[in-house]
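Below you'll find the structure, written out as structure tokens, and then a few comments.
Every number here is computed from the coordinates shown, using simple stated rules; none is lab data. In this text the structure is predicted, and so the values were computed from the model without any measurement. All Cβ positions, glycine included, derive from the backbone under ideal geometry; neighbour counts span all protein chains shown.
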Amino acid sequence: MFENLTQRLNRTLKNLSGKGRITEDNIKDTLREVRTALLEADVALPVVKAFTQRVKERTLGLEVSQSLTPGQEFIKAVHAELVETMGGDTCEINLAHQPPAVILLAGLQGAGKTTTAAKLALYLKERLNKKVLLCSVDTYRPAAMDQLKTLAQDISVDNYPSDPKHTPDEIAAAALQMGKLKAYDVVIVDTAGRLAVDEEMMDEVKRLHKLLDPIETFFVVDAMTGQDAANTAKAFNDALPLTGVILTKADGDARGGAALSVKEITGKPIKFIGMGEKVVALEPFHPDRIASRILDMGDVLSLIEDLQRNTDVEQAKKMAQKLKSGQGFTFDDFKDQIAQMKKMGGMTGLLDKLPGMGGLTDQIKDKVNDKSIAHMEAIINSMTKKERANPDIIKGSRKRRIAAGAGVDVHEVNVLLRQFDMMQKMMKKMGKGGIRKMAGAMKGMMGAMGGMGGMGPMGAFGNMFKR
């Protein structure tokens, strides 16, 4: 997300000239470029105008700190204004209600409401320890009820057995009653969508709102619709007392216009952002962290939170003990590391949160992707237990068998074996506690990998280190 905006702003802000003081003359061209970058990102025109004016007011005549350049001072101002435009402080989900607290999801067809309902249920269950009941009142698309039922089973959350023969009001009332009788903390109601905003749809969702009296009413919108997302959200907000917005499919949106337009146009905060198809791919929306991502400063706080949530502490202790005792790092260990990385959103998700990744070339981005990780995993899965524990025995005929089983070329097997050999050496240094030696090993490993031009993240990062 935000790739295009990040790259454009990076080029623009690096070129800011001027010494000692930011003046109208030395930021005029920069502001014009910022305006163009935002418009290309499909940010709504009124938002762009207000944004650039506020940045100008915030920076004009500003004395540049001795520790900062004019460009850095300007970036600081742009960051602060991005945070304000997207809502300022993080808005937490509100569950301060006599149980069950009802959350109503509204939005157009295809926005991802049903998947979002399941994602939100999993978030509440795992992170807030809530007992959740899911319910679909979409009688127009019976498949929606089946879809929610399947998703609920996948995440081990209860689902109200909706019947399309009943009216949405009847289903909602019965689900709320079940929520009360069985002591659920939260009931999430997934409403029907249409291809466009219409009177019948609005009347139905208004009735449901009156009946359920939800503590949270979320408008679910596809981020890839850009500024249209903000305009549709405004139409819903005019008809319903929305409490917030959930942006979906943000991982497929390279522009980011919706995230920058919604709050300004609707006055309602974005509370969650969907960053993938998996049910775990829902994150609270932190304006300050998203602003840092846009300016290529990374999102280290979210990365740390991901690590804390997804790292198996016991497994990590066993690994540390294993290395300390001098036992070798095996392909089974490597596979475990890949599994943990996938839980955190894969290589793409990790890179998105690291500072400076906006400057990566397309060639490197092509190498550092989840497809290459999948190839690695397939190669490891094609090995026998004995081969994973003793990679040295993998020679000609074994390599051909492994490559055929993984559906890759023998060259890719060779590259992975070379990379793994270097990783083993590095892990050995770690086990002996030789930090200086380990640093030297890493440097050598990266240099060698850069020469490979090989597959996967290791080869790509080798190229980065060589430069």
Loop-resident GluC sites (Glu not before Pro) in the stretch 87-180 with no more than 16 other Cβ atoms inside 10 Å, DSSP not H/G/I/E/B, are GLU92
Over its alpha-carbon atoms, the stretch 84-147 yields an Rg and a Dmax in Å of 14.0, 41
Env charge @ ALA175, Cβ radius under 12 Å, K,R +1 / D,E -1, value -3
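Less than 13 Å Cβ to Cβ from TYR184, Lys/Arg counted +1 and Asp/Glu -1: what total charge do the surrounding residues give?
On the way: positive: LYS125, LYS130, LYS131, LYS180, LYS182; negative: ASP158, ASP185.
Once all neighbours under 13 Å are counted, the net charge is +3.
If the chain between ASP89 and LEU417 were fully stretched, how many nm would it gain, using 0.36 nm times the residue separation less the Cα-Cα distance?
Details: separation 328, 0.36 × 328 = 118.08 nm, distance 4.73 nm.
That works out to 113.3 nm of additional length.
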Going through LYS131/LYS263; LYS249/LYS335; LYS386/LYS425; LYS113/LYS263; LYS49/LYS234; LYS206/LYS234 one by one, the pairs whose alpha carbons sit over 26 Å apart turn out to be LYS131/LYS263; LYS249/LYS335
Taking every other residue with Cβ under 14 Å from the Cβ of GLY88 and scoring Lys and Arg +1, Asp and Glu -1, one gets -1
